[in-house]
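Structure first, then comments.
The values are calculated or read from the model by the stated rules, or taken from the named source; none is laboratory data. Because the structure is a prediction, the values reported are computed rather than measured. Using ideal geometry, Cβ is built from the backbone for each residue, glycine included, and neighbour counts are taken over all protein chains shown. Calculation scope for accessible area: heavy atoms of the full protein, side chains included, ligands and nucleic acids excluded. Shrake-Rupley method; radii C 1.70, N 1.55, O 1.52, S 1.80 Å.
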Amino acid sequence: MASATLTAPNRARTAAWLQNYGVYLAVVVLLLFNVVFTDNFVSAANFRTQLVQAAPVCIVALGMALVIGTEGIDLSVGSVMSIAAALIPLYLGAGPFTALLVAVLAGIVSGLFSGVLVAYLGIQPIIATLALLVGGRGLALVIAHGQLVQLHNQDFLALGTGDVLGIPTMVLVAAVVAVLAGLLVQRTTFGRQLVAIGGNRAASTLAGLPVRRVLVGVYVVSGALAALAGVLSTARLGASDPNDLGLLMELSAITAVVVGGTPLTGGRVRVLGTVFGALLMQLVHATLIKHDLPDSTAQMVQAAIIVVAVYVARERSSR
Amino acid sequence: ACTSREETPAAQSSGSGPAASAASTAPTSGGCTLTQTGYPKIDPKTAIIGFSQSEKEANPFRIAETQSIRDEAAKLGIPADHLLTTNAQSDLNKQISDIKSLLDRGAQLLVVAPLNSDGLQPALDAAKAKKVPVVTVDRKVTSQPCTDYLTFIGSDFVKQGQRAAQEMARVTGGSGKVAILLGSSGNNVTTDRTQGFKDELAKTSGLSVVAEQTGDFDRSKGQAVMEQLIQSHPDLTAVYAENDEMGIGAVNALRTAGKTPGKDVKVVSVDGTRNAVQLIADGSYNAVIESNPRFGPLAFQTLQQFEDGQPIPASIVISDDSYDETNAAQKVGNAY
Amino acid sequence: MTAPSALSAPSARNAAFAGVLQRQGAAVVLVLGIVVAWFAFPRFGSADNLRDLALQSSFLAVIALGMTFVIISGGIDLSVGSVYALGGVLAAYGSRYGLVVAILLPLVVCSLIGLVNGLLIARTGMAPFIVTLASLLFARGLLLAITSEGSTTYKVDGGSAFLQLGQGTILGIGVPVWIALVLFALGGVLLRRTRFGQAVFALGGAEQSAVLMGLPVARTKITLYTLSGALAGVAGLLTAAYLQSGVTVLGVGTELDAISVVVIGGTLLTGGAGTVVGTLVGVLLRTLIQNVINQVGTLDSNYQTVVSGAFLLVVVIVQRLLARRRS
Amino acid sequence: MTAATDVQKTTAPVLEVAGVTKRFPGTLALDDVSFALRPGEVHALVGENGAGKSTLIKVLTGVHRPDAGEVRHLGEPVVFRRPAEAQRAGISTIYQEVNLVPLMSIAGNVFLGREPRTRAGLVDWRRMNAEARALLVDYGITEDVRRPLHTLGVGAQQMVALARAVSTEAKVVIMDEPTSSLEPREVEKLFEVLARLHEQGIAILYVSHRMDELYRVCERVTVLRDGRVVHSGPLAELPRLELVSLMLGREVSRIREEGVTAFGEEHDVEREPVLRAENLRGMRKLRDVSLSIRPGEVVGLAGLLGSGRSETARALVGAFPLDGGTVVVAGKPLRRGRVAAAMRAGVALLAEDRKTDGIIPNLSVRENIALAALPRLSPFGLVSKSKQDRIVRTFMERLRIKASSPDQKVAELSGGNQQKVLLARWLATGPRVLLLDEPTRGIDVGAKAEVQALIDELAQEGLGVLLISSELDELVDGADRVVVLRDGKVVDELTGDAISEDNVLASIAEGGSDG
Ligand SMILES: Nc1ncnc2c1ncn2[C@@H]1O[C@H](COP(=O)(O)OP(=O)(O)OP(=O)(O)O)[C@@H](O)[C@H]1O
Ligand SMILES: Nc1ncnc2c1ncn2[C@@H]1O[C@H](COP(=O)(O)OP(=O)(O)OP(=O)(O)O)[C@@H](O)[C@H]1O
Ligand SMILES: [Mg+2]
Ligand SMILES: [Mg+2]
């Protein structure tokens, strides 16, 4: 008992530190592991690959983090990506910018749809967005006549494969989105209000916050980001593939957010944590592939890593 | 996009298409006959025919498959309301209830594209109870032919894997390091195409498999996995993709990594979709083993023969073409 | 206190009425749907079709029963789809060692996964969503591991007594249907008539209060998730007996089906309220919709999911509006 | 209460803590606290907000584990790992915040975890409902016990919690501010129950900020200040002033005479009303409420629990759905159902239940204060840190909010300080009318006086104030005018000298001179 009480504050401090910095630590540890144990890991091209692959998840996860911050969840992101993909070939004739705009607009409309269901009709987020998860991909396939369409517009494809000052466009976009998300959460009334709403919705209503507008806004942002990720992934793939694009993206994004330390109970958004959560899951993926582990082992290892990461980052109740 | 869908069946229904030919592996003992089953005689042209599709028509194979059945029915003059179709949306339980509901709605002949080789027994039992012959297409079920179902029309996936390995040996010149992009885990197609490929590849001592990772039959996952493999195995010289989509993903990945697909790293896959065959013609792809989805003509022909009293073999292997640098340019019209 | 009670009596009745409507809303839709289908499609009302609908509903129903408990407690269990598939594979594998093994093996393993879910959730305070998301992956991985990456499908011997569990009939109705009905009856009693059930409601209504009121919160949670795992295992073993094999591709996305039928059945996703009967209604509604889509027969396969999504939405919105109008 | 007094002195403590220390991040909530509860005594635990009373109780009942020291039960050291274990040991607790399950039936709540069962082991609903009904009659609750608990008022819920706690055949009953949400009649009921328990020789630990109550029911007192025990002894021997002085740690001379609120003289109120509400009706709770508030005036709103006071306040800010009626602020009618609109017009509501309707627990003190004023502090939607800091600092000083820093989570503050944070939130918006629903509930004497003085000061500055309080003396002292509600209707209005406790009580009971 005596020794326990002596070490208790210490342990508490370590735990608190881990809770805040665990995900960064995990990324560092995994990087070190790979540097030592994985052949051909340390190369610019490899890091580039990891960043490029993490970018779409990261973008979607940032939107998801905002939604989760309001104590919501957005299961529709994968389907929104697929709707975005389905629209691109239809509008690519009018130029890549128009196609991008239309796709993001579709994301905004989807977000508006979920947002209105959640904010104005009071339907629980998981169900409101589940409907779009189920129906959205079907809609995308209807738009695309169930077809994969090969894309040839070089300007558009450059979104997925091009560079700006040596940095892949996708990574750059993800970085910009992350910075904007960080500013949004920390520095704008919208951001502070969304966190407050997630923390205590009844109190926020009584405090005169525009609760419904903020909620709709959050789903719109999430929808728009999902659509943006859909556009980028499509450009990278060189084809519009509404059937497969973004499948299970909702789970990857939620995992990234939660592993990054944002609690599912809302009231808190960790933007940098989310970015690192996405990176961590990407690195885990890469490590498993590079060591050629079979799918069975890979899935079990991922499960274990998610549990450990979330265990470390969990909100502790002091008692 | 729409035109390509209509072109394909037109090309093959002209008679010269690859689907018309079938190398049947009829057992010498004659096969299954109408009298043997004791089923009533039905005229397929006036009968109600049910078709149970397994997945959404959202990839070239499924689109071509369903279209082929519809086209053949139309060609035979079967009225549209006599062809009932369902789609199981990749849900096995749903496929069983789909088949049962087809039976319930009066289907007298069934064509089924099984979602999985195992697990359709209850549906087949229901058909048997109603004395409705079932032809399974594209995927063989592990039940008893003739008693549980009439016959299987489709490809031999193990064989496809073997042929892919032979192509691989040919295009690589018999040496190199090969990565396999596997299909979805738990899927029999994946299992068979892997087994056939690996068994056959083992015969070529110069070729070794350095990685096998799943790409879920999906282009973007294939691309992502390939990107990882290119980094961790810079010495990779060939890829075997278990469908064209992942193969195309691999081509994308190779291009992004600054390699020349088809030259630096050879690409071989199974399917025969137009996009992949076109890539061979363009020189960025090495070989495609076809997995023929045009079961319509064979399926209806087989049903007709069965009702006419002819013996039907336990499995009818549809002939799969193959595409390589020598024939891709001319045959691209055959691809689906 | 006389004045307030005079005020409150009608409002209480109203609240109760709203609750009833919210729960029975799905039942009303179900009855309407059945009536319409009966007249619109001549084949719908056939005994064969109805028997089949019941049978098809039974597997999801068993999974959704566990989910009902979990959701009433304010939690969620995403692992049920994978655990369901795993249960099927284990049952088929076990059937070669006899009936008892075929039943016990999946039950034990699936309960264990549920138990681990429960332990992690109750003892570490991690969110159920993420814990069960991890075990969704884990169970699928385990399934692949024991089937050598899904390449082996274990078959159930044709003569095995185990098959009766899936294919047998009693009074012309499939054994799985009876089992599901019995489980629902037991589930109803467990939920409404036991201390455990009351604790489940309390947990979902106000977890902190439940702790302070001295309820065995941790034990209840652990039991809940174990129960959910076990029921998914039962559904798996029934399916294996029905399909005569341990199919590896089963159960993908089943967790979402289970959640939506529970919610359609009027159970609050926020916890604290719900019924097992509602869930049964939800399952039947889902089956009905699928059947109607098939009966129509001309719907493009891509539209089918659009229709399912729209239907889910309509039911939830209608429930919501009814509840709001009445409160 | 004399029946058991002679037993108590001789027996050993039933529950005891020795040298208990409990640290929270940033606070030392309990510092080497030793304290004993003897069988059959009614023991008062007092102290300022944040002194550590609730924490001590939570340590006693296994909610928190102490960092040092031990808990003894019947002389034996024990470690309660969960509240359930303490309950099993015969320690029954009513925590400060009502902790019941709102969606569950009243009977279900009373018997939760120990439901009567049939021989088959199933919950016996009929017996449970019957027993609950019989039990609750004693507590003045005659509602249908099958109704969900949340349909009861806060006070009634508190009584249910009390009934639940007492009916467990406990040896020790701990009550953390049980009367804070009770109306006078219910308080009497509570005292009857206390007396009964006392006769049965049950030990009672009683926390309250209300001096009258303490002296009425308690025999001994333990005073906590900043987590330390500063006094423990018989209560009767301790003059009130001295007790307050012990709690606050200030000289007796500097403390106002007990019993008088900190309100000053009446205010100067002749101008036009800033807020005028006409014929508010809605949801059966409000039937006909009209009232007006003038700048610089404190309007009291009196009525029984459930008379519609809170609903009235909520309706004024658009947080309660109305079927009819208008609210006009500064000449402009408010759009119904829009809290934000009311806020822009300058009407602010300090809600009754700070836990569910007030604080954002995970946000800092700073953010909680700035929340409602955020749009004003944020040009172009971008938050200005410096403006925010200035406001926050001003109000933390002015209201003397005790927090380790503005960045401390508000959930970690004591109840009284949370209340001040909420008050600061509204003052930061620069309101014209402030609606205060039980602003001093659960606040210690010191803080209470501060809040009262503040209300006074605000009114003097020209703010219109609506004051809802269940403490009649507060209402009588503080208000310039008292509006009396019954069953959702205004039944009387008292002004000037007519405002007295007796008159208000008479109005509440009889519907006033004109009703
Ligand atoms: N869970 C917690 N985490 C951090 N700090 C806490 C926690 N609970 C209480 N505290 C702190 O411990 C101190 C004692 O709080 P406690 O609730 O015991 O006060 P109290 O005497 O009950 O006050 P009140 O009269 O307002 O109820 C306060 O400073 C409070 O901020
Ligand atoms: N007749 C009633 N039956 C049950 N619950 C009621 C009744 N009247 C009011 N309540 C509930 O009691 C609570 C308090 O009631 P209300 O706000 O109308 O009274 P109040 O006069 O403001 O009392 P308080 O002093 O507790 O704030 C509310 O939550 C309300 O829902
Ligand atoms: Mg307290
Ligand atoms: Mg009130």
Considering only DSSP beta bridges where both residues belong to the protein assembly as shown, give the percentage that are antiparallel (nearest 5). 45 percent
With solvent modelled as a 1.4 Å probe, how much accessible area in total do chains A and B shield from it at their shared surface, in Å² to the nearest 100? 2500 Å²
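With a ≥ b ≥ c the root eigenvalues of the C-alpha gyration tensor of segment D:6-248, is it rounded (a/c under 1.5), prolate (a/b larger than b/c) or oblate? Before the final figure, lay out each step's value.
Details: a/c = 1.77, a/b = 1.50, b/c = 1.18.
Because a/c hits 1.5 or more and a/b exceeds b/c, segment D:6-248 counts as prolate.
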For the protein assembly as shown, go through all pairs of different Cα atoms, get the mean of 1/r, take its inverse, and jot down that Kirkwood value in Å. 35.3 Å
Taking Cα atoms, how many degrees apart are the long axis of helix D:415-427 and the longest axis of chain D, rounded to 10 and kept between 0 and 90? 10 degrees
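Set the Förster radius R0 to 56 Å, insert the Cβ-Cβ distance between B:T33 and C:T270 as r into 1/(1 + (r/R0)^6), and round the FRET efficiency to 0.05.
0.35
Just the number please: accessible area per residue for chain D, 1.4 Å probe, all protein chains included, in Å².
On the way: 20700 Å² over 515 residues.
Per residue, chain D has an accessible area of 40 Å².
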Quick check on chain C: helices-only [θ] at 222 nm, where DSSP H runs of length 4 and up contribute -39,500 (n - 2.57) each and the sum goes over total residues. Nearest 500, please. -26000 deg cm²/dmol
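Rolling a 1.4 Å sphere over the protein heavy atoms, what is the accessible area per residue of chain C, to the nearest Å²?
Details: 11500 Å² over 327 residues.
Value returned for chain C: 35 Å² of accessible area per residue.
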So what's the angle, to the nearest 10 degrees on a 0 to 90 scale, between helix D:125-137 and the longest Cα principal axis of chain D? 70 degrees
Expressed as a whole-number percentage, the relative contact order of chain B with C-alpha contacts under 8 angstrom and at least six residues apart is 23 percent
With Cα coordinates, the longest principal axis of chain D makes an angle with the long axis of helix D:154-166, in degrees rounded to 10, of 0 degrees
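At a 1.4 Å probe radius, carbon and sulfur cover how many percent of the accessible area of segment C:188-239? Spell out each step's value before the answer.
Values: 840 of 1370 Å².
That fraction is 61 percent.
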Interface call, segment A:233-279: threshold 40 Å², probe 1.4 Å, accessible heavy-atom surface of protein chains, chain by itself vs complex, result A:R236, A:L237, A:N243, A:D244, A:L251, A:L264
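Across the residues of C:185-195, average count of Cβ atoms on other protein chains within 10 Å? Could you put the intermediate results ahead of the total?
Numbers: counts 0, 0, 0, 0, 3, 1, 0, 3, 9, 5, 9.
Counting Cβ atoms of other protein chains within 10 Å of each residue's Cβ and averaging gives 3.
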Across chain D, where is the longest run that never hits GluC sites (Glu not before Pro) in a DSSP loop with at most 14 other C-beta atoms within 10 Å? D:271-460
Anchor B:K100: aspartates and glutamates whose Cα lies under 19 Å away (excluding residues fewer than 8 positions away in-chain): B:E55, B:D81, B:D91, B:D118, B:D125, B:D148, C:D48, C:D52
Euclidean distance between Cα centres, segment D:155-223 to segment A:204-282, Å: 51 Å
If we count every other residue with Cβ under 13 angstrom of D:S92's Cβ, Lys/Arg +1 and Asp/Glu -1, where does the sum land? +1
Out of B:S205, B:S175, B:S185, a Gaussian network model of chain B with alpha-carbon springs under 10 Å gives the largest mean-square fluctuation to B:S205
For peptide D:357-369, compute the average count of partner chain beta-carbon atoms within 10 Å of each residue's beta-carbon. 5
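Looking only at other chains, what is the average number of their beta-carbon atoms within 10 angstrom of each beta-carbon in A:125-131?
Numbers: counts 1, 7, 11, 5, 0, 8, 11.
Mean shielding count: 6.
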Inter-site label distance for A:T98 and A:V176 at 7 Å from Cα along Cβ, in nm: 2.2 nm
Residue-wise, which Karplus ³J(HN,Hα) couplings in Hz belong to segment C:95-101, taking 6.51 cos²θ - 1.76 cosθ + 1.60, θ = phi - 60°, and x for glycine or proline? 4, 6, 9, x, 4, 5, 5
Total accessible area buried between chains D and C, 1.4 Å probe, in Å² to the nearest 100? 3000 Å²
Give me, ordered by chain and number, the residues 5 or more places off A:I123 or on other chains with an amide H under 5 Å from its own placed amide H. A:V118
Can you tell me how chain B classifies by the Cα gyration tensor, rounded, prolate or oblate, using a/c under 1.5 as the rounded cut? prolate
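When the Kirkwood radius is taken over all Cα pairs of chain A, what Stokes-Einstein diffusion coefficient follows at 10 °C and 1.306 mPa s, in µm²/s?
Values: Rh = 20.3 Å.
Estimated via Stokes-Einstein, D reaches 78 µm²/s.
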Filter the cross-link list B:K140/B:K259; B:K56/B:K266; B:K56/B:K259; B:K75/B:K140; B:K94/B:K131; B:K56/B:K159 down to pairs whose alpha-carbon distance in this structure exceeds 28 Å. B:K140/B:K259; B:K56/B:K266; B:K56/B:K259
Mind checking segment D:318-403 for trypsin sites (Lys or Arg not before Pro) that DSSP puts in a loop (not H, G, I, E or B) and that have at most 15 other Cβ atoms within 10 Å? D:R335, D:R400
Ordered by number, the residues of segment B:72-121 that have at least 50 Å² less accessible area in the complete protein assembly than on their own chain alone (1.4 Å probe) are B:Q89, B:N93, B:K94, B:K100, B:D104, B:R105, B:D118
Whole-number percent relative contact order across chain D, with pairs defined as alpha carbons under 8 Å at least 6 apart: 15 percent
Most packed first (mean Cβ within 10 Å per residue), the peptides D:123-129, C:272-278 order as C:272-278, D:123-129
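Shape call for chain C from the C-alpha gyration tensor, a ≥ b ≥ c root eigenvalues: rounded (a/c under 1.5), prolate (a/b greater than b/c) or oblate? Can you show the working numbers first?
Working: a/c = 1.93, a/b = 1.21, b/c = 1.59.
Because a/c hits 1.5 or more and a/b fails to exceed b/c, chain C counts as oblate.
Anything over 28 Å Cα to Cα? Flag those among D:K171/D:K420; D:K171/D:K355; B:K45/C:K155; C:K221/D:K285; D:K355/D:K448; B:K221/C:K221, in the order listed. Please report the intermediate quantities before stating the final value.
On the way: D:K171/D:K420 37 Å; D:K171/D:K355 30 Å; B:K45/C:K155 37 Å; C:K221/D:K285 39 Å; D:K355/D:K448 18 Å; B:K221/C:K221 37 Å.
Correct reply: D:K171/D:K420; D:K171/D:K355; B:K45/C:K155; C:K221/D:K285; B:K221/C:K221.
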R0 of 60 Å, Cβ-Cβ distance D:Q200-C:V108: FRET efficiency to nearest 0.05: 0.75
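For segment B:202-253, which trypsin sites (Lys or Arg not before Pro) are both in a DSSP coil and crowded by at most 15 other Cβ atoms within 10 Å? Walk me through the intermediate numbers first.
Values: sites: B:K203, B:R219, B:K221; in loops: B:K203.
Filter output for segment B:202-253: B:K203.
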Setting aside same-chain residues fewer than 8 positions from B:K203, which aspartates and glutamates have a Cα under 16 Å from its Cα? B:E167
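Leaving out ligands, DNA and RNA, calculate the buried accessible area for the pair B and C with a 1.4 Å probe, summed over both sides, in Å² to the nearest 100. Kindly include the intermediate steps, with their values, before the conclusion.
Numbers: alone 13350 and 15920 Å², together 26690 Å².
Summed over both sides, the interface buries about 2600 Å².
What whole-number value in Å² describes the accessible area per residue of chain A for a 1.4 Å probe?
Values: 11480 Å² over 319 residues.
With the other protein chains kept in place, chain A gives 36 Å² per residue.
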For Cα pairs less than 8 Å apart in space and 6+ apart in sequence, what is the mean separation divided by the residue count of segment D:361-429, i.e. the relative contact order in percent? 52 percent
